[in-house]
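The values are calculated or read from the model by the stated rules, or taken from the named source; none is laboratory data. This one's a predicted model, so the numbers in the text were calculated from it and none came from an experiment. Every residue, glycine among them, receives a Cβ derived from its backbone with ideal geometry; neighbour counts consider all protein chains shown. Ligands, DNA and RNA are stripped out before the accessible areas are found, and what is left, the full protein with its side chains, is counted by its heavy atoms. Shrake-Rupley method; radii C 1.70, N 1.55, O 1.52, S 1.80 Å.
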Amino acid sequence: MIGRHGGGAVLFKNVHIFDGTGVERFPGSLLVRGNRVAQVIAGSDEIDAPEAMVVDGRGGTLMPGMVEGHAHLTWPSSIEKVINAMDLPIEEHMLTTAVNARITLDAGFTSAYSAGSLGERMEVALRDHIDDGRLPGPRLRASAMEKGMEGIMGVPAGHDPTHDRSIPGLQQYVRDMADLGVDTIKMLMSSDNGFSPGGANLLMYSEEEAQAVGVAAREAGMWLACHAQAAEAVKRAVRAGFRCIYHCTLADEEALDMLEENRDELFVAPAPGLLYSRIHEAEEFGIDRAVAEQMGAVSGLEAMERIYPEMKRRGIRVVPGGDYGFPYNPVGRNARDLQLFVDLFGYTPVEVLVAVTKTAGEMVGFDVGTIEEGRLADLLLIDGDPTIDVSILQDKARIVAVMQDGSFHRAPPWQSLAVSSQDNGQ
């Protein structure tokens, strides 16, 4: 599906390669032809490619592009402009969404799995423009609007009418979204304490409704994702065949057992970034510590600190992705989730790098996430060693190059793209 603008040959030399699999990074060189990795060599051996443009990595780390597992590109706020509103005129909203896509790519996230849009076709149009090379942004699994029980606080307003909540209506909605070209649908299987007191335990879809949506999605070839705080919401999502289950804050032992039993078919993303920002960085938006406690941010983050080390131990596939796009948690800050995985969940830097590349690459289902011959050439050149310190990935200046589909979105500042051979220094 993706085939934007890869072309020519690029040879990376003088780099340390982290290939996304978890093995120790190694010195080597890498050749890109077209939009694919053509050759990877460890050590000092030379790759014979006299026609290639040579990029001197200056000893930096060459790694796979990162994958955002919980993207909200239509949520308006970014590190470039905070917008303290969710409801914008559609024309402004689409332009803001396009800017957010570019900011996400700037931050080193070359792919993204959407966790909900504020319009049914907004991300479909964005995805298609990105795929065609007309706009910069991550490879995208486009979502429809988040869907939940009408009239319950937390169901976002959007640019499209609500759907029929009858079971035939739910199944027709899935078919309609498939016809629009949507890749995934996000359902609010439970509410949230941030929406209303005690909301995390409020179930928003019955077992019968969840099963009906699951059947319709499988028939239509669609993926399903969900917001699930309550333990029973998690269980219903697992039984219905959801691919991505977000948060899982109140998962009990039975829910963890079910996630482990089905770990080859699903992925989990905690989204700690939103709760962290509500606790520590939202006071200017009226959310002080007391309000954050009322919204369940403090207890929610504490619950994640108990649950996610256990998920890691059980081999459940957990990916970063932090609900970015709120005024106090803007798009572009996405890489902070990696540090939170290390500080709160007990991941090593290498483990969380695997989660944000290989594992999240498996979730989006593109040919990305690891550096291997034949894989798509989505690559980052990092000034430093993120396998020791993942915090450097929060500094855009340390992400000195972003390559997507074999072409540079951002080339190293010292690199002249007009140079096209290994004789570039002669």
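To the nearest 10 square angstrom, what accessible area does residue 13 show with a 1.4 Å probe?
The value for residue 13 is about 60 Å².
List the pairs from 186/396; 186/358; 13/81; 81/186; 147/396; 81/396 whose alpha-carbon separation is above 28 Å, in the order I gave them.
Pairs exceeding 28 Å: 186/396; 13/81; 147/396.
If you work out Kirkwood radius over Cα pairs in Å from the coordinates, which of (i) 21.0; (ii) 21.8; (iii) 22.7 do you get?
Here Kirkwood radius over Cα pairs in Å agrees with entry (ii).
Percent of accessible area on segment 32-142 owned by carbon and sulfur, 1.4 Å probe?
That share works out to 52 percent.
Could you check the simple spin-label distance between residue 82 and residue 208, using points 7 Å along Cα→Cβ, in nm with one decimal?
4.7
At residue 39 and residue 281, where each label point lies 7 Å from the Cα along Cα→Cβ, what is the point-to-point distance in nanometres?
Distance between label points: 4.3 nm.
Top to bottom by accessible area (1.4 Å), largest first, where do 337, 48, 164, 176 land?
The ranking, largest first, comes out as 48, 164, 176, 337.
Take each uninterrupted DSSP H stretch in the chain, measure its Cα extent along the helix axis, and return the ones at 27 Å or beyond whose mean Kyte-Doolittle hydropathy is at least 0.5.
Span-like helices, by this rule, are absent here.
Would you mind checking which residues have amide H under 5 Å from residue 68's amide H? H placed 1.01 Å from N; only 5 or more apart, or other chain.
111, 112, 113
Given segment 1-84, what percent of its DSSP beta bridges are antiparallel, to the nearest 5?
70
Give me the extension gain from residue 164 to residue 179: residue separation times 0.36 nm, minus the current Cα-Cα distance, reported in nm with one decimal.
Fully extending the segment from residue 164 to residue 179 adds 3.7 nm.
Given springs between every Cα pair under 10 Å in a Gaussian network model of the chain, which of 288, 128, 323 has the largest fluctuation?
Per the Cα network of the chain with a 10 Å cutoff, 288 tops the list.
Residue 177 accessible area, nearest 10 Å², 1.4 Å probe?
Here the accessible area works out near 10 Å².
Sorted by accessible area with a 1.4 angstrom probe, largest first, how do 354, 67 fall?
Accessible-area ranking of 354, 67, largest first: 354, 67.
Once the piece of chain linking residue 51 and residue 239 is laid out straight, how much longer is it, given 0.36 nm per residue of separation minus the C-alpha distance between them?
62.3 nm
At a 1.4 Å probe radius, carbon and sulfur cover how many percent of the accessible area of segment 224-283?
Whole-percent figure for carbon plus sulfur exposure: 36.
Ignoring ligands, DNA and RNA, what percent of the 1.4 Å accessible area of segment 367-416 is carbon and sulfur?
Within segment 367-416, the accessible surface is 45 percent carbon and sulfur.
If you stretched the chain out fully between residue 389 and residue 265, how much longer would it get, using 0.36 nm times the residue separation minus the C-alpha to C-alpha distance?
Full extension of this stretch gives 41.6 nm more.
Just to verify a number: what accessible area does residue 280 come out at with the full protein assembly present, 1.4 Å probe, Å² rounded to tens?
We get 110 Å² for residue 280.
Kindly report the accessible area of segment 12-59 per residue (heavy atoms of protein chains, probe 1.4 Å, no ligands, DNA or RNA), in Å².
46
Take every DSSP beta bridge with both residues inside the chain and express the antiparallel ones as a percent of the total, to the nearest 5.
Among the beta bridges of the chain, antiparallel pairing accounts for roughly 45 percent.
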